[in-house]
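> This is the structure, below, for whatever I ask next.
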Amino acid sequence: MRILIDIGHPAHVHLLKNFALTMQNRGHNILFTCRDKEFEVELLKSYGFRYIVFGKKFKSIWGKIIGLIKFDIQEIVAGIKFKPDIFLSAGSMYASHASFILKKPHLSFEDTFNMEQVRLYKPFTEAIFINKFQIPPLRGDNIVEYSGYHELAYLHPNWFTPNRDIYEILGISSNEHYIIVRFVSWNATHDIGQVGLKLEEKIKLIEKLSTKVKIFISSEGELPNKIKKYQIKIPPEKMHDALSFASLFIGEGATMASESAMLGTPTIYINSLHPNTIKQQEKYGLIQYLLSIDKIIDKSIEILKNNKKDEFINKRDVMLSQKIDVTAFLIWFVENYPKSKETLKENPNYQKRFK
């Protein structure tokens, strides 16, 4: 089987890497396509995947319209040359349009529910995987509900064991506490109209907490000089090791917040965009959703003071007992498609085999 996977965000590489590696080991042929946006290329390269880069992603509204046309054409050309049996993505408009033109199925994950984007790919997609507890869910014959999160495709214990060599990479002792802070650039389509911390609030947060614990900042954009010295400098593929051993994660990005929750790391999420995946993880007690800078600082100090890591790991284990191994599920679904889709329609509980 030949599978073309389109990547729109670094998290999509993580989402599909174990699937791709396993499928390659089983003799399937995999090709990735992507835009040069953040560090997608570095991740694809680090895992040894075959990939094509379509160039820089556009940031303005008009640029995104131009990009839709440009990247659609490039995806179609890549598909003509590669001749895939299936297109796979996490909400890719380009993969869906190319699959329609080339008369091949497109399978997609969805969890942000940015409807402007969903409307552009949903009609051209044969199966859209969504968390079964999403509210409101998408409707239609192409919706496939599953009991899991994107992040469990790569952070489920079946696929991920944190490596303690991260302490050496970070340049700290193995018993030293640290926190990771994530700032986003607000250039993504789903970021339009959303807000996080103001510049002065970011500086206040770092200055207050840096007196109490070691801080590492992961940032999509350029950091102000006052806090630039805290920027984390590790290979992108080591970030999950860093998140796993952190005493606390504070961030504007929903993906890294959810990743931290999957690892049992106390998490504070800061963003006016409040997706249902985050809300569900809040119910498990894995994430605190706060927007006030003073409340963020107070809650951070409380978590650090009480050293609540073990408590959060226990909550994570409760969550895991109710979810499936997403990668194992996806491997079965793709290798048995389209029969697998019919199997789930007839018996949604079939997926419990992948716990």
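> Given springs between every Cα pair under 10 Å in a Gaussian network model of the chain, which of L16, L320, L170 has the largest fluctuation?
Greatest mean-square fluctuation among the candidates belongs to L170.
> For segment 166-320, what's the relative contact order in percent, using C-alpha pairs closer than 8 Å and at least 6 residues apart?
This gives 25 percent for segment 166-320.
> Against the longest principal axis of the chain, how steep is helix 61-82, in degrees 0 to 90 to the nearest 10, with axes from Cα atoms?
So the helix axis and the longest Cα principal axis differ by about 50 degrees.
> Rounded to the nearest 500, what is the chain's calculated 222 nm mean residue ellipticity when only DSSP H runs of at least 4 contribute -39500 (n - 2.57) each, over all residues?
Value at 222 nm, helices only, nearest 500: -12500 deg cm²/dmol.
> I need the phi-derived Karplus couplings for segment 290-297: 6.51 cos²θ - 1.76 cosθ + 1.60, θ = phi - 60°, integer Hz, Gly and Pro marked x.
9, 10, 7, 4, 5, 5, 4, 5
> In whole Hz, what ³J(HN,Hα) sequence does segment 223-230 give by Karplus (6.51, -1.76, 1.60; θ = phi - 60°), x for Gly and Pro?
Each residue's phi maps through the Karplus curve to give 8, x, 4, 4, 10, 4, 5, 8 Hz.
> May I ask you to derive the relative contact order of the chain, considering only C-alpha pairs under 8 Å and at least 6 residues apart, and to give it as an integer percent?
14 percent
> For the chain, modelled as a Gaussian network with Cα springs under 10 Å, which listed residue fluctuates most, N225, N158, N314?
Of N225, N158, N314, the most mobile in the Gaussian network model is N225.
> Among K64, K81, K309, which one shows the biggest mean-square fluctuation in a GNM of the chain, springs joining Cα atoms closer than 10 Å?
Among K64, K81, K309, the largest mean-square fluctuation in the Gaussian network model of the chain belongs to K81.
> Pull up all non-local amide H partners of I217: gap of 5 or more, or a different chain, and H-to-H distance under 5 Å with H placed in the peptide plane.
Sorted by chain and number, the residues that satisfy this are V181, Q231, I232.
> Now a separate question. Determine, from the Cβ-Cβ distance of E200 and Y350 and an R0 of 41 Å, the FRET efficiency 1/(1 + (r/R0)^6), rounded to the nearest 0.05.
According to the calculation, E is roughly 0.20.
> Want the number for Y230 to I66: 0.36 nm per residue separation, take away the alpha-carbon distance, what's left?
Net length gain for the segment: 55.4 nm.
> Rounded to the nearest 0.05, what FRET efficiency do V53 and H274 have when you use their Cβ-Cβ distance and R0 = 35 Å?
0.60
> Looking only at Cα atoms, what is the convex hull volume of segment 1-84 per residue, in Å³?
Taking only Cα atoms, segment 1-84 has a hull volume of 79 Å³ per residue.
> Over 30 Å between Cα atoms: which of K37/K208; K59/K309; K104/K279; K279/K299; K204/K308 fall into that group?
K37/K208; K59/K309; K104/K279
> What nm value, rounded to one decimal, do you get for the distance between I172 and I301 when each label is placed 7 Å out toward the C-beta?
In this crude label model, I172 to I301 measures out at 1.9 nm.
> A follow-up question, please. If you stretched the chain out fully between R119 and K208, how much longer would it get, using 0.36 nm times the residue separation minus the C-alpha to C-alpha distance?
Contour length minus the Cα-Cα distance gives 27.7 nm.
Read-outs throughout are calculated quantities, based only on the coordinates presented, and are distinct from any laboratory measurement. Because the structure is predicted, anything quoted here is derived from the model rather than measured. All Cβ positions, glycine included, derive from the backbone under ideal geometry; neighbour counts span all protein chains shown.
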